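Notes to accompany the following structure.
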Amino acid sequence: RNGIARVNADGSVDTDFLPGRGIEDGTVFDIEVSQGNQVLVVGEFTMVNGFKRNAIARFNENGDVDESFDIGEGPDGPIYAVARMPDGRIVIGGDFLFVGDTFSPGVAVLNGTSGKLDPAFSPGNGVNGVVYAVDVDWDGSIVIGGNFTEVGGHLRKNIARLKNNGEVDLLFDPGIGANGPVLSLFVDSTVNVV
């Protein structure tokens with residue numbers, strides 16, 4: 001099991017999930033499991049079981065690479081975090097400036113079916129650093145954490161919230177922000193960001 005495996009409740013390897021050569025040339029940083037038990041993996045890699053997949057790939061329930069999900073050229077750097085939006089789209093965060101030929105520093109949204117970049121999501125100037133963590137609230141707003149000082153032209157130190165179209169949510173104001181990089185976060189829709 002190279003870079004990805006599924007285990008049963010007792011900790012044994014699930015032999016029904018067969019990813020073949022798995023992640024052939026890199027590292028997985030985050031995963032997202034969808035309904036239907038498809039597994040989305042992100043990281044820093046270019047090949048997955050014989051398929052060219054730049055930093056993101058989806059596996060079917062049996063471990064086969066989902067050939068219908070293909071970002072194409074993908075980002076010019078690693079993806080560190082992934083989360084699914086309520087409408088099925090996928091948000092990614094990482095250390096990239098472009099996804100394909102589209103300028104989208106640090107954060108982007110993909111079509112949940114095809115994996116292609118969603119042109120309706122526009123983060124403006126994007127993030128001026130690295131996004132290490134993402135999570136999504138019930139309304140589709142996106143919380144990002146990382147090592148940055150500015151998002152979409154607004155001062156936001158290491159944590160920010162975006163509307164589902166990519167605009168910075170100005171109602172979410174963390175003041176001076178976090179005094180160090182935010183490497184993980186969780187959005188509790190009933191309370192607050194943790």
- Task: Note down the relative contact order for the chain as a percent, whole number, built from C-alpha pairs under 8 angstrom at least six residues apart.
- Result: 12
- If you plug each phi of the range 6-12 into the Karplus form 6.51 cos²θ - 1.76 cosθ + 1.60 with θ = phi - 60°, what whole-Hz ³J(HN,Hα) values come out, in order, with x for Gly and Pro? 10, 10, 7, 4, 8, x, 6
- Query: Roughly speaking, what is the stretch gain from residue 61 to residue 35, that is 0.36 nm per residue apart minus the C-alpha to C-alpha distance, in nm to one decimal?
  - Reply: 8.4 nm
- One finds, for residue 114 and residue 149 with R0 = 35 angstrom and r their Cβ-Cβ distance, a FRET efficiency to the nearest 0.05 of 0.55
- Calc'd 3J(HN,Hα), the range 128-135, phi into Karplus 6.51 cos²θ - 1.76 cosθ + 1.60 (θ = phi - 60°), Hz, glycine/Pro = x, comes to 8, x, 9, 9, 9, 9, 9, 8
- Could you check how much of the accessible area of the chain is carbon and sulfur, as a whole percent, using a 1.4 Å probe? 50
- Task: Extending each Cα 7 Å along its Cβ direction at residue 186 and residue 2, get the distance between those two points in nm, one decimal.
- Result: 3.4
- Message: Just the number please: accessible area per residue for the range 52-109, 1.4 Å probe, all protein chains included, in Å².
- Response: 35
- Message: Using a Förster radius of 30 Å, what is the FRET efficiency between residue 102 and residue 16 based on their Cβ-Cβ separation? Nearest 0.05, please.
- Response: 0.20
- Query: What nm distance separates the two modelled labels at residue 47 and residue 163, each placed 7 Å from Cα along Cα→Cβ?
  - Reply: 4.5
- residue 139 label point, 7 Å along Cα→Cβ, cut-off 17 Å on backbone N: hits in the range 147-172? 160-172
- Overall form of the range 85-172 per C-alpha gyration tensor (a/c, 1.5; a/b vs b/c): oblate
- Query: Among the lysines, which fall within straight-line cross-link reach of residue 52, defined as a Cα-Cα distance under 17 Å, with same-chain neighbours fewer than 8 residues apart omitted?
  - Reply: 116
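The values are calculated or read from the model by the stated rules, or taken from the named source; none is laboratory data. All values derive from a computational prediction rather than experimental measurement. Ideal geometry is used to build each Cβ from the backbone, glycine not excepted, and the neighbour counts take in all protein chains shown. Keep in mind that these areas ignore ligands, DNA and RNA; they rest on the heavy atoms of the full protein, side chains included. Shrake-Rupley method; radii C 1.70, N 1.55, O 1.52, S 1.80 Å.
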